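Comments concern the structure below.
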Amino acid sequence: PGSYTGYFENEHGEQSVFLYDRETHKGTLWMGDYGWEHPDEVLAGKVPELILDDEERDWLRLCWLVATSHEPTVL
């Protein structure tokens with residue numbers, strides 16, 4: 001209940017896993033083709049260090065929106 005997990009597999013079988021921790025408000029992305037041992041921090045639904053294709057980018061943004069949808073908006 002304290003986290004959200006999203007899974008994605010593209011047409012080539014490359015897999016990605018997104019985890020959002022609701023307690024720390026942090027997102028992490030693991031990508032098989034990038035190396036499972038190199039997780040990246042997700043900031044506002046994006047990973048600045050990675051070049052994602054349109055499908056991966058859309059999936060990650062959607063995961064972020066779903067994971068953070070119940071959090072209060074900070075202005």
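Derivation of every value follows stated rules applied to the coordinates shown; laboratory data play no part. Bear in mind the structure is a predicted one, so any value in this text is a computation, not a measurement. Reconstructed Cβ throughout: ideal geometry from the backbone, glycine too, with neighbour counts over all protein chains shown.
Worth a mention:
- Matching residues, the range 35-60, being surrounded by 15 or more Cβ atoms within 10 Å (Cβ to Cβ) and either over 16 Å from GLY6 (Cβ atoms) or of a type in the set (Lys, Arg) (or both): LYS46, ARG57
- For GLU14, the test of being of a type in the set (Asp, Glu), surrounded by 10 or more Cβ atoms within 10 Å (Cβ to Cβ) and out of contact with any Phe, Trp or Tyr (no Cβ under 7 Å at 6 or more places or on another chain) is passed.
- The set of residues from the range 11-30 being closer than 21 Å to PRO48 by Cβ and touching a residue at least 24 places away in the same chain (Cβ under 8 Å) comprises SER16, PHE18, TYR20, HIS25, GLY27, LEU29.
- Whichever residue in the range 5-59 is of a type in the set (D, E, K, R) and under 18 Å from HIS70 (Cα atoms) and, among such residues, is farthest from the chain's Cα centre (by Cα): GLU23
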